[in-house]
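Each remark here refers to the structure printed beneath this line.
The values are calculated or read from the model by the stated rules, or taken from the named source; none is laboratory data. For clarity, every value in this text was computed on a predicted model and none was experimentally measured. As a convention, Cβ positions derive from the backbone with ideal geometry for all residues, glycine included, and neighbour counts pool all protein chains shown.
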Number of protein chains: 2
Amino acid sequence: MTQMLAARAGEITTAMKRVAEKEGLSPEFIRQGVAEGSIVIPANINHRNLDPVGFGKGLKTKVNANIGTSTSFTDIEKELEKLKVVLEAGADAVMDLSTGGEIDQGRRRIIEESTIAVGTVPIYQSFLENRNKRGSMIAMTADDLFEVVERHCSDGVDFITVHCGITLEVLERIKKQSRITDIVSRGGSFLTGWMLHHGKENPLYEQFDRLLDICLKYDVTLSLGDGLRPGCLADATDRAQIQELIILGELVDKAREKGVQAMVEGPGHVPLDQIRANIEVQKTLCKGAPFYVLGPLVTDVAPGYDHITAAIGGTVAAAAGADFLCYVTPAEHLGLPTLEDVREGIMASRIAAHAADIVKGIPGALEWDKKMARARKALDWDEQIKLAIDPQRAAKIRQERNPDGHEACTMCGDFCAMKIVAQYLGKEPESC
Amino acid sequence: MTQMLAARAGEITTAMKRVAEKEGLSPEFIRQGVAEGSIVIPANINHRNLDPVGFGKGLKTKVNANIGTSTSFTDIEKELEKLKVVLEAGADAVMDLSTGGEIDQGRRRIIEESTIAVGTVPIYQSFLENRNKRGSMIAMTADDLFEVVERHCSDGVDFITVHCGITLEVLERIKKQSRITDIVSRGGSFLTGWMLHHGKENPLYEQFDRLLDICLKYDVTLSLGDGLRPGCLADATDRAQIQELIILGELVDKAREKGVQAMVEGPGHVPLDQIRANIEVQKTLCKGAPFYVLGPLVTDVAPGYDHITAAIGGTVAAAAGADFLCYVTPAEHLGLPTLEDVREGIMASRIAAHAADIVKGIPGALEWDKKMARARKALDWDEQIKLAIDPQRAAKIRQERNPDGHEACTMCGDFCAMKIVAQYLGKEPESC
């Protein structure tokens, strides 16, 4: 039984209890959210060592980190090192986007070693296997695709990105749209190529029930992919993107009918003043399904700094109601991220998530900032480092720049302006 | 004659022409903005090698970088190295906040070597000189202070931060307010200590006309400092802060009456959902004076990443109408920035400024992103690097991760999905 079906049956599962505990909310609140679909708890019955996390309405904004091999970098050990960084840096979920080396083996090891939810994009592997076995990605059959989906799900993957919303109808829309960057989603491009070559409907759409049956079996959460997400600011929030979102909204309904948990993926590259509209229209079209956004990046011109462009957009998106932020690393648009990039990307996204949680009124969010403010006021450096979102980084910079650990100020002696101000305000003196 | 008086006399100065040229706007638009005070062009008559920049309504959002010695790090040569980075990284203004070593000499060299506007905070030096000469900062007299102000102005400083809005009335407000971090502005704290010790009104307020006379003489732009800016999210947008802003608004009127250019400084630490209100209330209270904000930082908990917390707030602030962003480096709250921190801070602020300029509809802003999008679509790496906000960084990452410089894709040969998509859309084929 999926979390959703259990919730509807009035059952508060162990996972719901754990999520409630982590969020500081009542288990009943979580149960209701899962029952109606505004909260998802990706928790595959075969992911044994998962410590479940909830995503959605009323919960803390969550952060995902992508890892995975590529055709040029096939070493799974490197990716397992990244997984350690991902866990240590505090991401809430990890996606294995491997497209090189022993993909099955790598995924199984990632699931084994991950205590956080693991997501994948099965279509990558399905296309790759066809290229390798039959010399052509286009040779893929619907059966091939669903076989890979089931392989991922039976392995214990907690959520899968499936580009179900790219239909022949939607492709007509993009043709009329005239975009600069057309389709930038990898899975979306592959599928589109397949559909156009064969002149057939997207099997993930046409056989959506088959997908739901697999998800039901393992309680895999659908992450309905936005294959037509904008690849640049100029393409944002266009008719093709919103048409696909409408289809995804319909599929959310279908998933819920069957008791399958579903969230929806979103952009991408979006100008700052279109972000709120993107979130609000997703919430209405998809009837409150959790929204998982990639960025959004607020400018196209900052390769090398896209963790920052994404943190800007991510904060505004989450404050407007986005539930789950996919990290972007400084290497985005340039190459595969290093360990340091992964860490930096997670921190930038966690900052965005937290800054938004303050605005969302998430219990405890502003309290963290207040504690830091009090530690600053008291010049309590140990406490400041402890409270920092990245204590390791804060301690390092502090140590480098202030090797002697000066805490108090000896500059003005008895004529300390700070002391005078503090006395006036009836407080303990501080230093400048 | 100041730029403002010239503008009012109908004169289009060389500086106005240069600003118009840089902005792609008409000289008459600039003249009108300067005449009414919605645009300032900080351009001291003694700053010989200045290439003037405008700040304000209808213009690109600008970025300031702070440099300067401290009591622990007194080497001016290091700060001159930072100035080189500041110029190379594309900041629009630089503030010399030196409080250590040979302050006069350092400032003069910075002005000499800076082609961008130079700002200072004269009160730091005035207090320090009193501490050094008389053993007490509190010993400062109003005459001492104005003497230092004139010294800075006659040296060629283009804009000065003066905390004129901290009045005895405002201090009553902060006493009633009950803040966590009270006063975090250095100049603000010193002045407050001085005022409370002597039981006297702030000389920068009481003798504001004297300040205006000095500014008139050299055409120095006032940057009316926010001595009571919030030092943490919990203190943001409180009565003390807004009370000071009201006073600053009155002083903007006075400055304009005399023909002195004035901008206003703003916070600080502000939750995301209070940023727009901060900008809008400044624009009404200060009758459209350019707004120069420090950040704002959208969370207190990210020391080591405050260039990111500031970029988030800065984007939203600038999109709402802020004109000028003071950079924040990764070392903020931890120590003095290194050269790398300075560079990183400027880039983060430039990203914020540009992302906001797209939303502000600044001519050419979105066009830059479109060019990048087209270069991405065409897989034109040279063009992508050239168009990057930091070509040096983008090239470095690209080179490290892709040493062979692969441009085309050989993965799928004739069955390239991209090719099929491109053909369908009637475009040139691309690669995945």
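Summary table below
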quantity: Any hit, the range B:133-145, residues being under 28 Å from B:Q261 (Cα atoms) and in a loop (DSSP other than H, G, I, E, B); calculated: yes
quantity: Residues of the range B:288-337 that turn out to be closer than 19 Å to B:C232 by Cα and either outside the structural domain of B:M263 (by TED's automatic domain parsing) or among the acidic types (D, E) (or both), as a count; calculated: 3
quantity: Which numbered condition A:A89 misses (of (1) of a type in the set (A, V, I, L, M); (2) away from chain B (no Cβ under 14 Å); (3) over 22 Å from A:F190 (Cα atoms)); calculated: (2)
quantity: The range A:372-400, subset within 7 Å of chain B (Cβ to nearest Cβ) and under 27 Å from the mean Cα position of the chain (by Cα), residue surrounded by the most Cβ atoms within 10 Å (Cβ to Cβ); calculated: A:M372
quantity: Of all residues making up the range A:159-175, the number that are more than 19 Å from A:T99 (Cα to Cα) and either among the polar types (S, T, N, Q) or touching a Pro at 6+ places or on another chain (Cβ under 8 Å) (or both); calculated: 1
quantity: Filter result for the condition that a residue is at pLDDT 95 or above, more than 8 Å from chain B (Cβ to nearest Cβ) and outside any loop (DSSP other than H, G, I, E, B), over A:G288, A:G314; calculated: A:G314
quantity: Candidate set: the range B:207-239, residues that are free of Cβ contacts under 8 Å to residues at least 60 places away in the same chain and outside any loop (DSSP other than H, G, I, E, B); chosen: the one surrounded by the most Cβ atoms within 10 Å (Cβ to Cβ); calculated: B:D235
quantity: Any hit, the range A:245-263, residues being without any contact (Cβ under 8 Å) to a residue 40 or more places away in the chain and either crowded, with 24+ Cβ neighbours inside 10 Å or not in a helix (DSSP H, G or I) (or both); calculated: no
quantity: Residue within the range B:54-70 that is surrounded by fewer than 21 Cβ atoms within 10 Å (Cβ to Cβ) and touching a helix residue (DSSP H, G or I) at 6+ places or on another chain (Cβ under 7 Å) present; calculated: yes
quantity: Single condition A:E28 does not satisfy, out of (1) part of a helix (DSSP H, G or I); (2) at pLDDT below 95; calculated: (2)
quantity: The range A:261-274, residues that are hydrophobic (A, V, I, L, M, F, W, C) and facing another protein chain (nearest Cβ under 10 Å); calculated: A:L272
quantity: Verdict on A:A353 being modelled with pLDDT of 95 or more, under 20 Å from the mean Cα position of the chain (by Cα) and farther than 15 Å from A:T309 by Cα; calculated: no
quantity: Boolean, B:D300 is outside any loop (DSSP other than H, G, I, E, B), within 13 Å of chain A (Cβ to nearest Cβ) and more than 18 Å from the chain's Cα centre (by Cα); calculated: no
quantity: Members of the range A:13-51 that are surrounded by fewer than 17 Cβ atoms within 10 Å (Cβ to Cβ) and closer than 17 Å to A:G361 by Cα; calculated: A:K22, A:G24, A:S26
quantity: Condition met for B:I160 (aliphatic (A, V, I, L, M), assigned to a strand (DSSP E or B) and crowded, with 22+ Cβ neighbours inside 10 Å); calculated: yes
quantity: Single condition A:G188 does not satisfy, out of (1) in a helix (DSSP H, G or I); (2) within 17 Å of A:V252 (Cβ to Cβ); calculated: (2)
quantity: Of all residues in the range A:121-153 being under 19 Å from A:Y205 (Cβ atoms) and polar (S, T, N, Q), the one that is farthest from the chain's Cα centre (by Cα); calculated: A:T141
quantity: Scope the range A:152-208; condition more than 15 Å from A:V264 (Cβ to Cβ), away from every other protein chain (no Cβ under 12 Å) and of a type in the set (A, V, I, L, M); matching residues; calculated: A:V157
quantity: Sole exception among (1) free of Cβ contacts under 8 Å to residues at least 12 places away in the same chain; (2) within 14 Å of another protein chain (Cβ to nearest Cβ) for A:D143, by number; calculated: (2)
quantity: Filter result (in contact with a strand residue (DSSP E or B) (Cβ under 8 Å, 6 or more places away or on another chain), within 23 Å of B:M195 (Cα to Cα) and more than 14 Å from every other protein chain (Cβ to nearest Cβ)) within the range B:213-237; calculated: B:L222, B:S223, B:L224, B:G225, B:D226
quantity: Hits in the range A:266-324 (condition: within 19 Å of B:D357 (Cα to Cα), without any contact (Cβ under 8 Å) to a residue 12 or more places away in the chain and surrounded by fewer than 24 Cβ atoms within 10 Å (Cβ to Cβ)); calculated: A:D273
quantity: Failed item, numbered, when B:K258 is tested on (1) more than 14 Å from chain A (Cβ to nearest Cβ); (2) closer than 13 Å to B:D226 by Cβ; (3) not aromatic (F, W, Y); calculated: (2)
quantity: Search result, residues across the range A:325-360 that are surrounded by fewer than 23 Cβ atoms within 10 Å (Cβ to Cβ), among the aliphatic types (A, V, I, L, M) and within 10 Å of another protein chain (Cβ to nearest Cβ); calculated: A:L336, A:V359
quantity: Residue that is modelled with the lowest pLDDT [pool: residues in the range B:52-76 that are of a type in the set (D, E, K, R) and closer than 18 Å to B:T120 by Cα]; calculated: B:D75
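Yes/no per residue for (1) among the polar types (S, T, N, Q); (2) at pLDDT 95 or above; (3) within 15 Å of A:V118 (Cβ to Cβ); (4) buried (at least 21 other Cβ atoms within 10 Å of the Cβ):
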| site | (1), (2), (3), (4) |
| --- | --- |
| A:A139 | no, no, no, no |
| A:A142 | no, yes, no, no |
| A:H152 | no, yes, yes, yes |
| A:G156 | no, yes, yes, yes |
| A:C164 | no, yes, no, yes |
| A:T167 | yes, yes, no, no |
| A:S178 | yes, no, no, no |
